[in-house]
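Each remark here refers to the structure printed beneath this line.
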Amino acid sequence: MLQYNKEYITNAKNIHQILEDAKPEWNKRKKLYKMKVRKNSTSSLVAENDEETKIAFEFAISNMINGYVGGKAPIYQVEEMPTEEKQKILTKLFNKIFNKKDNDRKEYQVFIDYIRNYNDDSFFFYKLIQDYNDMSAGYGIWYENEDNEIVYANVDPRQTIAIYDYSTPVKKIGLLRAWEETDEKSEKFDMVVVTTDEYKYYFKNSKLQGDDFKEDEESREKISWGCVPCIAIENPDGLACFELAKPSIAKYERVIKNSSNTFQYNDDAKLMVTGYEPKEDTLVEKRDDKGDIVYDDDGNIVWIPNEKRKKEDELVLQAPVFYAGEGGKIEWVEKNVNDGALENYKKTLIDLIFMISCCPNVNDLGFTNADNSSALEKKFFPLEQSITYLDKSVKKELLAMWEAFTTRINLKKGTNYDFRNLKIKLQRNMPTDKQAETTRALSLRGLVCDDTVINLLPDELDAQSEIEKMKTQSEENLEENMKKIESFGKDGAGAKNLENKKDEEDANNQENASNNKQDANMSVNPEKK
């Protein structure tokens, strides 16, 4: 952690000293990165031949922890406004109006989702977690581009460091970034950028002019965010996720190398023969083209391997039967290896490596036998405890970033969004029983809102979008059903009318027939009239 007064970090005369204070931290982060990838001037992560022994536990631990913590992007959810009674209490206590009536929750959620999609929030979050675990620090900056889009991006922790003041608790007052550039004249110079809550300062020096830095005042930029526009997460102990396990990793590699050498030695074991004398000598004098013996500078005879002896040994090895003299013996000279003790020692080292790094060993028998989500969560319990500081720090920094975004949109658009309504939930990327999770979520229907139920589902769904789709689908189904009912009503009324009309005609016909019959009777018997 770098601590200075705010006036100190903006003075060009102090830039060289600030860089000197930051270099030890940057050098350590470079070392941690090389430790993870095993990459330097003489070696790399992958062994180039069977003589090298490299077991990349650092890489495996890093991937496991980063995938678990950063594999899923956070969930940003705007909650409903507090009740009217609660708002009155808050206003009374703090003399401030919270959550005005024109604060639209859905609009605020759309604003947040748009910015996240524009910046590929999932990648930004994963890179932030990866830098913290691999190099003990993660940084991000944000700004507004020429299209008035809010942009946030990661920056390299090997050339970035946060600056704090001396208050309690410490307050972030600046962000320092430094790198080497080459101008159009092929001259190299150091570029230093110091960002505060008011301005972004640019300093540079020439390699020919020494360590004197000068500010490029024409490039100075005004900062209008009301804070230092950056995210800074630094491990208080300066440790990477795999650093404490490094000694055990080195011991494991030594054991593997020794075992490999032993097996290689036994593959190339020498044949020991007693009771037999070869006919040819092992070495002979070296002779020149004239057949004369060659001597070295000290006058000693130069001896060389005897090719005839090599051929004799090959014939002996290839012979199906070999006869040694009286009391002779033939056997291979080998190294004996206690396989049981060696395997126990290697297993102990593996357990130590994963225990010290708080990373679950997925190849462990207990892990593979975990057949439900509860058992898996217990395996990840040590890791969950080790990332508590990271978890809290990320939430704090992300909430501060969205507070700045919210303040800016309120100022520019005249809205009244309250960042306190924004809840950030960090997810864990681990195997889950989707059927059990789905059953649990559906069992809460009627007790909590549909938004909460959808967020509890193991599928990555946008609750607001799904609710809107369901609403649209219900309206369309209702409209379609109403049309069917109206159509059915019309058809039923028409059939009834036809039936009534037919009954009426039948009744009229019967009445007419009856009247005709009476008229006929009266005409035959007029006295009956």
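Any read-out appearing in this document is the output of simple, stated calculations on the displayed coordinates, not a laboratory observation. None of these values were measured; they are calculated from a predicted model. Cβ placement follows ideal geometry from the backbone for every residue including glycine, while neighbour counts extend to all protein chains displayed.
Near the amide H of Phe213, under 5 Å away, which other amide H atoms are found, from residues 5 or more places off or on another chain, if H is placed in the peptide plane?
Residues meeting the criterion, in which the H sits 1.01 Å from N, are His16.
Do the alpha carbons of any pairs in Lys86/Lys172; Lys88/Lys172; Lys222/Lys395; Lys6/Lys396 sit beyond 25 Å of each other, and which pairs?
As for pairs spanning more than 25 Å Cα to Cα, those are Lys86/Lys172; Lys88/Lys172; Lys222/Lys395.
Amide H neighbours of Ile231 under 5 Å, counting only residues 5+ apart in sequence or on other chains, H built in-plane at 1.01 Å?
Gly140, Ile141
Quick one: net charge around Asn429, please, counting Lys, Arg +1 and Asp, Glu -1 for every other residue with C-beta under 12 Å from its C-beta.
+1
For Asp281, Asp450, Asp418, Asp289, which order do you get if you count the other beta carbons within 10 Å of each Cβ and list the fewest first?
Asp289, Asp281, Asp450, Asp418
Sort Leu244, Leu317, Leu175, Leu422 so that the residue with the fewest other Cβ atoms within 10 Å of its own Cβ comes first and the one with the most comes last.
Result, fewest neighbours first: Leu317, Leu244, Leu422, Leu175.
Considering only the other residues whose Cβ falls under 15 Å of the Cβ of Asp296, what net charge follows from Lys and Arg at +1 and Asp and Glu at -1?
Net charge around Asp296: -3.
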